[in-house]
Amino acid sequence: MIKAVFFTVLTVAFFYIIWINNIFAPHEHYEMPAQYAKIAEDVSYAKEGKQLFEQNCQSCHSVRYDAVYISSVQANPKLKTLQEQYGKVLPKNVYEAVFYEDLMGLKESFGKVPPDLSTMYLVKGKEYLYNFILEPQKVLPGTSMPAVMAGRPEETAKIVAYLKSVAEPSPEEKNKRVLMGVGTIAYLIVMGILLWVWRARVLKRMGLH
């Protein structure tokens with residue numbers, strides 16, 4: 001019984017940390033005007049944000065989860081062939097192996113390969129992304145990222161909305177995950193109780209209880 005309770009509590013604590021008080025979520029505080037925060041949170045701006053991303057960011061950054069690759073890769077004939085074989089979203093190892101020279105070219109220019117931004121919204125949050133894209137030197141002094149969006153706050157917020165749309169699952173998928181989590185916890189609790197009852201009966205038959 002003690003073990004069942006222990007594992008149940010451990011499971012509940014795990015889901016609490018992941019869903020409610022995620023210690024891995026960004027905790028830095030950055031200011032963001034309310035009107036632009038509203039845009040960044042609204043994924044209806046994602047389509048326009050994607051276009052802005054492709055125009056201003058794609059020369060260095062990819063969004064692999066949305067099959068948006070850096071410009072040199074996007075223009076490479078090999079990409080279409082690989083997508084016919086693996087699907088639009090290439091496996092990371094395939095992408096990095098086939099387009100190694102393109103990625104190393106960026107590394108030579110910037111000192112390191114600019115990161116893929118597929119999950120950056122979840123890692124850094126909208127306030128950080130908005131400020132970094134708008135004024136990269138202010139947020140991270142010495143960064144090699146140019147301020148291509150300087151003086152364009154509304155468009156920057158739309159790019160953030162696009163990154164949010166890529167990183168976050170759809171409402172339907174979110175509901176499925178919640179139900180799965182609740183179902184998992186309920187299953188563990190029920191199984192813990194059943195195992196405790198079964199153990200008690202076995203011990204009783206053996207004359208040990």
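The values are calculated or read from the model by the stated rules, or taken from the named source; none is laboratory data. Note that the coordinates shown come from a computational prediction; the quantities given were computed from them, not determined experimentally. For neighbour counting, all protein chains shown are included, and Cβ atoms are generated from backbone atoms with ideal geometry for every residue, glycine included.
Tell me the residue from Ala37, Ala4, Ala25 that is modelled with pLDDT under 75, of a type in the set (Gly, Ala, Ser), surrounded by fewer than 19 Cβ atoms within 10 Å (Cβ to Cβ) and under 28 Å from Val139 (Cα atoms), please. I'd like the intermediate steps shown before the answer.
Working: Ala37 fails: modelled with pLDDT under 75; Ala4 fails: under 28 Å from Val139 (Cα atoms).
Sole residue among the options that is modelled with pLDDT under 75, of a type in the set (Gly, Ala, Ser), surrounded by fewer than 19 Cβ atoms within 10 Å (Cβ to Cβ) and under 28 Å from Val139 (Cα atoms): Ala25.
Let's see how each residue does on (1) surrounded by fewer than 18 Cβ atoms within 10 Å (Cβ to Cβ); (2) part of a helix (DSSP H, G or I); (3) free of Cβ contacts under 8 Å to residues at least 40 places away in the same chain; (4) polar (S, T, N, Q):
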{"position": "Pro114", "(1), (2), (3), (4)": "no, no, no, no"}
{"position": "Pro146", "(1), (2), (3), (4)": "yes, no, yes, no"}
{"position": "Tyr162", "(1), (2), (3), (4)": "no, yes, no, no"}
{"position": "Ser165", "(1), (2), (3), (4)": "no, yes, no, yes"}
{"position": "Leu179", "(1), (2), (3), (4)": "yes, yes, yes, no"}
{"position": "Val190", "(1), (2), (3), (4)": "yes, yes, yes, no"}
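Given the residues Lys78, Lys38, Lys88, which is the only one that is of a type in the set (Lys, Arg), in a helix (DSSP H, G or I) and under 22 Å from the mean Cα position of the chain (by Cα)?
Details: Lys78 fails: under 22 Å from the mean Cα position of the chain (by Cα); Lys88 fails: in a helix (DSSP H, G or I).
The match here is Lys38.
When residues in region 55-64 are screened for being under 14 Å from Ile133 (Cβ atoms), not aliphatic (A, V, I, L, M) and not in a loop (DSSP other than H, G, I, E, B), 2 of them pass. Residues of region 137-149 that are at pLDDT below 95 and not β-branched (Val, Ile, Thr): Gln137, Lys138, Leu140, Pro141, Gly142, Ser144, Met145, Pro146, Ala147.
Gly151 passes every criterion in (1) outside any helix (DSSP H, G or I); (2) surrounded by 16 or more Cβ atoms within 10 Å (Cβ to Cβ) apart from (2).
Taking Ser118 as the residue in question, decide whether it is of a type in the set (S, T, N, Q), in a loop (DSSP other than H, G, I, E, B) and in contact (Cβ under 8 Å) with a residue 12 or more places away in the chain. Give the derivation first.
Numbers: of a type in the set (S, T, N, Q): yes; in a loop (DSSP other than H, G, I, E, B): yes; in contact (Cβ under 8 Å) with a residue 12 or more places away in the chain: yes.
Yes: the conditions hold for Ser118.
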